[in-house]
Amino acid sequence: MRLQETKNVGATTSLIYWVYIVPKGLKFDKDATSFERGRAVFSGDHFTDFKVMWKEPKLLEISYRQARIYQFRNYWHYWNPAKPEEYVKYSLRNTSSM
């Protein structure tokens, strides 16, 4: 599954991170519908200590100390008629108090 894409949008801005979850084996294609901005499960910038980590096979944790968050969804699923439905749950954790 593809987890993150970064993009520098200019000299005076921070890197923006978009996190995508896609079925295993799907190759990255910036023009594919799976990688449209609206399909990202998370996006943000101005991160300190940004981490994306699988805690369990279907549980993804996104953690940071400081950030500006644009978008967050806590559930992802993918339907393929040839296979059972795939799903992933994920959590967002601010580590600034740790």
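The values are calculated or read from the model by the stated rules, or taken from the named source; none is laboratory data. On a predicted model such as this, the values are computed, not experimentally measured, just so you know. Note that we place each Cβ from the backbone using ideal geometry, even for glycine, and neighbour counts take in every protein chain shown.
Quick rundown of the values:
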| read-out | value |
| --- | --- |
| Inter-residue pairs, beta-carbon under 9 Å, first under 22 Å from Arg68 (Cβ atoms) and in segment 14-41, second basic (Lys, Arg) and part of a loop (DSSP other than H, G, I, E, B), 6+ apart | Val19/Arg2; Tyr20/Arg2; Ile21/Arg2; Phe35/Arg2; Ala40/Arg73; Val41/Arg73 |
| Enumerated strands (runs of 3 or more DSSP E) restricted to the chain, each holding at least 1 residues that are surrounded by 10 or more Cβ atoms within 10 Å (Cβ to Cβ), within 13 Å of the chain's Cα centre (by Cα) and modelled with pLDDT of 70 or more | 15-19, 42-48, 51-56, 59-64, 66-72, 75-80, 83-94 |
